[in-house]
Amino acid sequence: MGQYKHHVFVCTSGGTCPGQGSDLVFAALKKGAAAAGIQNSVRVNHSGCMGQCGNGPMVAVYPEAVWYSHVDVAGAEQILHEHLIAGQVVEQYRYVAPPGDNKLPK
Ligand code: FES
């Protein structure tokens, strides 16, 4: 286990996720973690493209390697409370795809 209990990556600099609201998702997770007092055990980082463009905003949570897609602010709050605090994967937003790039056609 690393420095943090959870490491959360939000795609905020790729070609599509920023236009789908990923900055709002990042802010909700970052501020939510601080408000919940878990900022020392949960690290929320910006990420570049995860190769899943068009399925975003994309969020990845490690060490579980659970990926979420189409995450909105409500979803970010759900991931914060259910996954990062309570330890339950949020199936509603869970993303499962074949390995590698899974970009939607433009
Ligand atoms: S822009 Fe987010 S996965 Fe590519």
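The values are calculated or read from the model by the stated rules, or taken from the named source; none is laboratory data. Worth saying up front: this structure is predicted, and the values here are computed from it rather than measured. We place every Cβ from the backbone using ideal geometry, glycine too, and count neighbours over all the protein chains shown. Ligands, DNA and RNA are excluded from the accessible area calculation, which covers all protein heavy atoms including side chains. Shrake-Rupley method; radii C 1.70, N 1.55, O 1.52, S 1.80 Å.
For the criterion of being open to solvent by 60 Å² or more (accessible area, probe 1.4 Å) and not in a strand (DSSP E or B), Q78 fails. So, of the residues in segment 14-29 that are among the small types (G, A, S) and within 8 Å of the ligand (Cβ to nearest atom), which turns out to be least open to solvent (accessible area, probe 1.4 Å)? Result: S22.
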